[in-house]
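Computed from the coordinates by the stated procedures, all read-outs in this text should not be read as laboratory data. Computed from a predicted structure; not experimentally measured. Virtual Cβ from ideal backbone geometry, glycine too; neighbours counted across all protein chains shown.
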Amino acid sequence: MKTTTRHLLSLVATAAFVTFAFGSLKPSPEEEKKRAQEQLDNRAVYDDWVKKVGAAYSLVAGMNLAGSPDKACDGPALLKLAKEDYQLRLPTVYGPYLARFASSNPADWKEDKGPWAFLTESTFRGHFEKHASARDAYALDGTARMIKNDWQKFRFLIVLWPEDESANRLPKITDTRTFDSGSFKGWVLLLDPIDKNVACQKRIFVENGETVSSNESFTKNPQKAVQNDFENRFEAAIEGALPPQVKSTNNMGALLK
């Protein structure tokens, strides 16, 4: 048999095998029906939770927090509500970020590139950068799983609500040895989207210290050093506002770097 003929026969055999293999991977009608139902169920989970978070955000946005007293968190009661035994691990979210949950306009759902984006846990932020209409079914499936296994399961969100967004500021280097302190006045709220209420709240004031305590050398990278110091102090303020049964999963501060 000539080499050319053998080569052509080999190609034909390979093509036949690939066709058979891929054909055998095609899902059955039952599997396709099951997959379609899973997507519908996941979308229902997604839509329901987004609606609840949006309603809870609207509630807080309409509150007059300026005259509100602190309301201490009852750790054991929170665990009971969430049906957990030991600890709640919750994402921290910058309050204004949640405005998108109350909006059906896709233009309101976009990546947060603002100065306070670091206050929203990166995983949480990533799942809600786009409106559902701009995401495919597999992406929505992933978000639905996070909702069911984490955010809905643990029930609450730690929300950082600014008193006056325009008055708060990040730290800034003024020269090689000095800086203007960062400043944040607002509240730590434990938001319950299920019952649409604020379970507890504490006023906080965060600013840099006169000296910088950071894992970054001020001499080497002064801006990063003062930012890290500010985030460390933010983390301490959040931890101090919450009972031992509640921990933030945010990725800022010295404890998580």
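Some observations on this one:
- Computed FRET value (nearest 0.05) for SER133 with GLU165, which takes r as the C-beta separation and R₀ as 30 Å: 0.60
- On full extension, the segment bounded by THR178 and SER122 gains 17.1 nm, given 0.36 nm per residue less the C-alpha separation.
- Unit charges on C-beta of K, R, D, E only; dipole of region 111-257, Debye: 280 debye
- Among TRP187, SER166, PRO76 the positive-end extreme of the charge dipole of region 31-250 (Cβ point charges): PRO76
- Structural descriptor for region 94-190: relative contact order 25 percent, calculated from alpha carbon pairs under 8 angstrom and at least 6 residues apart.
- Sorting VAL198, VAL246 from the fewest to the most surrounding beta carbons within 10 angstrom yields VAL198, VAL246.
- Inter-probe distance in nm under a simple model that places probes 7 Å from Cα toward Cβ, at ASP48 and ASN64: 3.6 nm
- Cβ-based exposure ranking for PHE179, PHE230, in which fewest neighbours within 10 Å come first: PHE179, PHE230
- R0 of 22 Å, Cβ-Cβ distance TYR86-LYS196: FRET efficiency to nearest 0.05: 0.25
- Of all lysines in the structure, the ones whose alpha carbon falls short of 19 Å from that of LYS80, not counting any fewer than 8 places away in one chain, are LYS71, LYS148, LYS153, LYS196, LYS247.
- In a DSSP loop and with at most 11 other Cβ atoms within 10 Å, the trypsin sites (Lys or Arg not before Pro) in region 92-184 are LYS113, ARG177.
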